[in-house]
Every structure is written in C-alpha cells, then in structure tokens.
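Here is the structure we will look at, set down as structure tokens.
What follows draws every value from the coordinates through simple rules; no lab data is involved. What you see is a predicted model; the values in this text were computed from it and never measured. Every residue, glycine as well, gets a Cβ built from its backbone with ideal geometry; the counts of neighbours run over all protein chains shown.
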Ligand SMILES: Nc1ncnc2c1ncn2[C@@H]1O[C@H](COP(=O)(O)OP(=O)(O)OP(=O)(O)O)[C@@H](O)[C@H]1O
Ligand SMILES: [Mg+2]
C-alpha cells in the first residue's frame, strides 16, 4: 500500500451517449487498478467489454466519462511521448514507406537528431521486427502481420516510459509472434518499461505478464479479478508448460473466460466484491493436493490491493 | 489475336476519326448540279468567294488543315491588336487562367483546411459557400469591371471566383475525412500543429485536394473563353469572337480545336499530379 504506484486508475467509467431512442450505455464503470513501475500487465476480457477504450483513455486519446488516470504523479490529460501506443488497427500512414513511418515517430521524439542518426535508429528496430529488406515498401504492399510489425517497431523506437499495446500480436503467425514476444521481453527487461497490453491469448499473457487483469463482460464491465502470474522468470515458451503452476493458472483464466465472466456480468457477483479492490488471486500457488484438475479453482489466496 | 486493350482502342479511335472526317468531307463537298446554281454563285460573289467552296458554307477539312499548318507554323507573330499568332492568344488566356487559379488555390486550400478541421467554421461558412457557389462566374463580370476598371484583371477575377469553390469544397472534404487513427498517431507523438498539418493532413487529403484543383482548372478553362469574348482585347476567347466577326469559320473551327487540345493537356497535367500524390490503403 505504501509503495508509490507508477500508474493509478480510479473510478474510471465510460458512458456512450444514447443512439436514437436508446438509453446512454455505460460500457464499463468503477474501474480501479494500479500498475507499478516496470510492471508488465495484461488485460483479458471478451470482445466489446471496453479494453480498447480503457487503453485509449490511458493513452490520453479518449477521455473517460468519470474517474482519473494518474501517471508518475500527474493526471493524464492528453497524449504524450511518454506513452507509446500500438494500435489495434496498425494505423500506419499509407503514403509513407516502412522506414519513413518509423522515422516520423523518431523525429517527433528527438527533433534535433541528424538524418544518419535517425536512419541507424530506425534500421535497428526494422531489423528487430524482422522487416529487413522491406524498408522502402509502402504499407499497402505489406501483409497484415507485416503492417502490425511496423506499428510495433514504431512504438518501440520512441522508447517510451510506458507501452500501451492493443492486441499487438493478433495478426501474426505463431513463429513471428514468438520471435517478437521474445524481443519484447528482452527490451522490457533491459529498459524497465511499464507495459499495459490487451490480449485474447491466454498463453501469451502467461508468458509475458506479471499480472493479468480479468474484465467481466460489458455493458457495465468491471475488473473482476487480478491474477498474479507467479510463474518464475525468465520464462521460456518451450518449457513453460512443464512448470506445475502453468495449468493451474491456465485453467483459472480459461474458466473465467468461459463461465465466470458471464456470471459476473449477469449480476451474480459475490457479495464481498469491492470494485475499488478487485480480488487478487494467485492460482499458481494453490496447493496441488487439494485441487481437482477440472474443477474451477476457488480463489486460493486473496488479499486487498 | 490477343492484342492489348490499348492497341485495340487506338484502332477504334482512328476509325472513328476517319469516319468523322469523311462525313465532314462529304457534307462540305462543292455543289455540282446547276440547279439553283446562279443563286449560289450570286451568294458566293456576295460573300467574297468564301461560300463558293462548299454547298453549306462550312469550311472543308482541307481548309482547316491548311489553316492549322498556316497558323501553327508561325504561332507567335504580332501584327497589332487584331492580328496575333495563336500562340500569343493562347498564352494570354493561359496566363489569366494560371494567375486566377493560383490566387484561388492560395485562398481555397488554407480556408478549406480551416473549414475541414473546425466543425464550427464549417457550419459558419457553409451558408456563404452554398449561396456563392451556384452563381455563374460571368455574373460577377459587371461588378468586377466596375470596381477593378481593368478588363484583363476582371477576367482574372472571374477565373479566381470560378476556381475557388471546387478547391475549397474538396479541400474541406478531404481534410475532414482524414482518418482518425492517423491523427491519433500524430497526437501520441506530440506532433506540433504545423507539422501535423503539413506532414499528416496534407498528404492524407492531397488526392481529394487535387481532384478539386482538376475540376477547378477544367471550369476555369471553360470560363476564360466566355470571359474573353466579353472583355475583348486579347486571348483565345477574343480570337474566336473576332474571327466570327470576320466571318472566318475556318479560323473559328481551328480555335475550337485548339481550345479542346489545350484543355486536354491541362487535364492530363492534373491527372499526372494526382498520380504523384495518390496512395493506396
Ligand atoms: N464511439 C462509440 N460510440 C458508441 N459506442 C462505442 C463507441 N466506441 C466503442 N463503443 C462501444 O464500446 C464498447 C467497447 O469497445 P472497445 O473497442 O473498447 O472494445 P474491446 O474490448 O476493445 O473489444 P475487442 O476485443 O473486440 O477489441 C463496444 O461495445 C462498442 O460498441
Ligand atoms: Mg479492442
């Protein structure tokens, strides 16, 4: 509690105005969470529960209907170079080549850099995402996955304090995804960046994150639970499933997505649920002996944030 | 047998041209029968021999071809106000069009940015645009002549007015339609407003802006002929009017074809510019 959080979100809600005769709809409400400096947080929830909207609010691109976002002790009032965004749609400028798209961002970050310095820096990130040789292609000449990788390179290249990623690896094949996930982990551990990432992929969340926030279904979506990912680091994609914790965490997450997210949305939330302090659970550390593998685990450990 | 579409189209074009020339040639053949011949001869004598060339009084393809050869072999001679080479006349018209168009672009593009970016300005200016847009540019002529008191500048002003609206409306439309995601990228990168306008909005809206310019140029070239007929003095419009007063239909036809060719060249230039700024999503 005493620990100063890097990013704090308090009582965030988003209400979209009524459309033709309908009632105004609160996509999500009473969202509270905090992220420590250098923490890697994933958020999982069904389509339409408002994950992208939350990310846009964190980025400063969208404003919430109520609530505040505080980063580094200051309220987020607009976009900033401190927060690099990887958009769900890749958002590349179609009239610029791959290289120039990234250079545009680099020039914005370091306006006084010379041409050569910018080019070397850009090339480093093009190589990182495996697009060497495609520098001069226009986005329309790239595949969906390649476009997404340019977006990733562009966000990484400005070296922001915090990375906000909206399903960054969704359009990638398994192999490329693995390579870029490894790169992301490498960059993250080297730079100590704070990461907030939306994903639909349970395995990806388990490989990358320190904690996984689970959102209940919208409308009126909330942070239903915060799962601490207790899998030891460094993690290796090929051996991670050999860890005893792996299936416990995985089952917990899948169970949430399949059944519990609906129950919570339909008002069957437990009486002691407090949106200000969503339950924090560590399914990975559950006692092996007491657990039947196919039964939904009852929260083994719990404490307030 | 598999000829390219371009080649086949070219063949059809040439055939159509041949047919048109043949019809023209047939329609203007000299009258052979004696019936009514003296009327014709009297008329011909009256008309100074000009009408004797064909039964309809229209010049034959050969007359026009001769005129082409004649006029294009010395395009830049200048024998006083009523006798200038076709190159000089076209240059006057083109200069007026260019100046009027340029000033229109200088006003329309920034104003279009403003209208496209600000919903308030869009609403505020829209009534003015809607009222001013449908006014025939020539309707401004008396007002222009009265206030400016210079016929040549009045013609430029008319070009300015008629070029303004398509560019203004297209620029506003293109700017308003710039994708939100590109603007969001610029916002997260804290790009300053000027750089955002020049490096994000301008290239994004450039294809639409150029479409507006292309339409404006097309209209300007239509209007300059009429404007120069009104104000007189110089230019291809004045040339047409002057040759009509001289009853030289050959020269009129020659001028008509030149107007068409120059108009096509202008459009080709803008088509080429559009390709330069086009992008594919
Ligand atoms: N401009 C808008 N006006 C009205 N409703 C909107 C608007 N933008 C988003 N919504 C609604 O808000 C909800 C959340 O949208 P959001 O894009 O945040 O979902 P998401 O969780 O990111 O979904 P996905 O996983 O499919 O990307 C959706 O139900 C959507 O219909
Ligand atoms: Mg989304």
Förster radius 51 Å - calculated FRET efficiency between residue B:128 and residue B:58 (Cβ-Cβ, nearest 0.05): 0.65
Peptide A:90-98, shielding by other chains (average Cβ, 10 Å cutoff): 5
Percent of alpha-carbon pairs separated by more than 14 Å within the range B:220-281: 63
Set of the range B:58-72 residues, backbone N closer than 17 Å to the point 7 Å along the Cα-Cβ line of residue B:246: B:59-60, B:63-72
Whole-percent pair-distance distribution, where bins are 10 Å wide, for the alpha carbons of the range A:14-53: 22, 42, 25, 9, 2
Share antiparallel - DSSP beta bridges, the protein assembly as shown, percent rounded to 5: 50
DSSP bridge orientation in chain A - percent antiparallel, rounded to nearest 5: 50
Helix-only mean residue ellipticity at 222 nm for chain A, each DSSP H run of n ≥ 4 adding -39500 (n - 2.57), per residue, nearest 500: -9000 deg cm²/dmol
The range A:127-163 versus the range B:217-265: alpha-carbon centroid distance in Å: 55
For the protein assembly as shown, fraction of C-alpha pairs farther apart than 32 Å, in %: 63
Relative contact order, percent, chain B [alpha-carbon distance under 8 Å, six or more residues apart]: 19
Over the range A:143-195: Kirkwood hydrodynamic radius from C-alpha pairwise inverse distances, Å: 11.4
Pairs of Cα atoms farther than 21 Å apart, the range A:90-208, %: 35
Calculated over the range A:1-135: convex hull of Cα atoms, volume per residue (Å³): 170
Along each principal axis, Cα extent of the range B:64-277, largest first, Å: 67, 37, 22
Projected area, mean over directions - chain A, Cα convex hull, nm²: 17.7
CD proxy at 222 nm, helix term only [per DSSP H run n ≥ 4: -39500 (n - 2.57); per residue of chain B; nearest 500]: -25000 deg cm²/dmol
Percentage relative contact order, chain A, counting C-alpha pairs under 8 Å, at least six apart: 21
Highest-MSF residue in chain B out of B:184, B:126, B:170 [GNM, Cα springs under 10 Å]: B:184
